[in-house]
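Presented below is the structure to which this report refers.
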Amino acid sequence: MIEYATSIKYMLAGYAVILTVLALYIVSLFIRWRNLKRDLQTLKEIQKKD
Amino acid sequence: MKPQPIALKVLNVASVLLFLAALGMVFLYAPLEATMNYVQKIFYFHIANAWVGMLGFIAAAVAGVVYLFKHDQKWDIIELAAVEISLVFFLIAIAAGSIWARPSWGVYWTWEPRLTTAAILEMVYISYILLRQGIDDPDRRARFSAVYTLVGAISIPITFISIRLFRTIHPVVIGTNSAASQGNFDMTSKMLATMFFSLFTFSVIFVNLFWHRIRLGQLAQQVEQLKLEELQ
């Protein structure tokens with residue numbers, strides 16, 4: 001039988017990894033979206049000037 | 001780029017609510033397992049992440065087949081989105097599994113059949129992302145990627161059945177365990193309900209992120225086209 005303290009420690013570590021990786025991916029999606037939107041805006045402005 | 005459709009907004013809200021409900025079920029509804037205690041609770045999200053990871057790799061192979069028939073870039077975008085999201089979910093499954101393994105097996109990692117095939121599967125698709133970046137021509141890249149996902153898909157059933165075919169210490173959730181397996185436990189009805197709810201929740205989250213990633217791919221394609229027009 002695994003001790004309670006040890007068991008809780010690994011459970012918390014497991015869920016911390018799950019939540020962190022998932023959150024980082026969602027943030028990366030958001031940042032890439034924002035950057036692409038900015039690029040699109042800039043390109044459209046250049047096209048208008050041309 | 002069009003704003004988010006209502007269905008996607010609904011899916012965003014549903015994903016968050018389901019995720020919170022799944023966490024609630026894991027920590028408040030599912031009973032504590034007698035031998036492993038709290039660490040067993042990792043199992044619910046571990047298995048759900050592995051499930052959606054494999055689901056995405058299969059979706060990528062299907063998108064690859066469709067691309068080879070239709071030669072439409074939209075299928076390449078779908079394929080890449082499926083691979084990228086599955087890589088994230090499968091990485092979570094591997095990492096969470098390793099953390100569970102430490103108190104259960106005494107080690108974070110051992111080269112037993114399931115862990116080995118899972119690591120190979122992850123590396124096959126990391127290579128896919130890296131190799132794509134080495135090809136500039138979009139059509140050639142899409143054709144190469146489609147064939148790659150088809151060949152890579154061979155790893156999916158091998159990973160899935162590895163614990164059923166070989167003598168392994170990895171427990172089997174559905175089916176008979178190997179005599180060498182360590183960390184088995186009998187699931188009560190509440191544990192089963194929590195597992196299936198987690199599977200459903202992560203399937204919804206997968207669809208939600210998949211949709212967002214496809215939209216990102218479409219936006220990237222739009223930017224790429226404008227850049228090419230500027231250069232000409």
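The values are calculated or read from the model by the stated rules, or taken from the named source; none is laboratory data. What you see is a predicted model, and the numbers here were worked out from it, not measured in a lab. Glycine gets a Cβ as well: all are built from the backbone with ideal geometry, and neighbour counts include every protein chain shown.
Here are the numbers for the structure shown:
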item: The range B:185-198, residues that are surrounded by fewer than 17 Cβ atoms within 10 Å (Cβ to Cβ) and either at pLDDT 95 or above or part of a helix (DSSP H, G or I) (or both); result: B:189, B:190, B:192, B:193, B:196
item: Conditions (1) within 7 Å of chain B (Cβ to nearest Cβ); (2) more than 19 Å from residue B:27 (Cβ to Cβ); (3) of a type outside the set (Asp, Glu); number of the one not met by residue A:17; result: (2)
item: From B:218, B:232, B:182, residue being modelled with pLDDT of 90 or more and within 14 Å of another protein chain (Cβ to nearest Cβ); result: B:218
item: Of all residues making up the range B:111-155, the number that are closer than 22 Å to residue B:221 by Cα and within 14 Å of the chain's Cα centre (by Cα); result: 2
item: Options B:58, B:85, B:99: the member that is over 17 Å from residue B:170 (Cα atoms) and in contact with a Phe, Trp or Tyr (Cβ under 7 Å, 6 or more places away or on another chain); result: B:85
item: Hits in the range A:1-35 - residues which are outside any helix (DSSP H, G or I) and surrounded by 12 or more Cβ atoms within 10 Å (Cβ to Cβ); result: A:2
item: In the range A:20-35, the residues that are among the aliphatic types (A, V, I, L, M) and facing chain B (nearest Cβ under 9 Å); result: A:21, A:22, A:24, A:26, A:29
item: Condition check for residue A:38: assigned to a helix (DSSP H, G or I), facing chain B (nearest Cβ under 7 Å) and closer than 27 Å to residue B:1 by Cβ; result: no
item: Test: residue B:156 is closer than 30 Å to residue A:26 by Cβ, buried (at least 16 other Cβ atoms within 10 Å of the Cβ) and within 14 Å of chain A (Cβ to nearest Cβ); result: no
item: The range A:1-40, residues that are of a type in the set (S, T, N, Q) and modelled with pLDDT under 95; result: A:6, A:7
item: Matching residues, the range B:1-16, being surrounded by fewer than 17 Cβ atoms within 10 Å (Cβ to Cβ), closer than 16 Å to residue A:26 by Cβ and of a type in the set (A, V, I, L, M); result: B:8, B:13, B:14, B:16
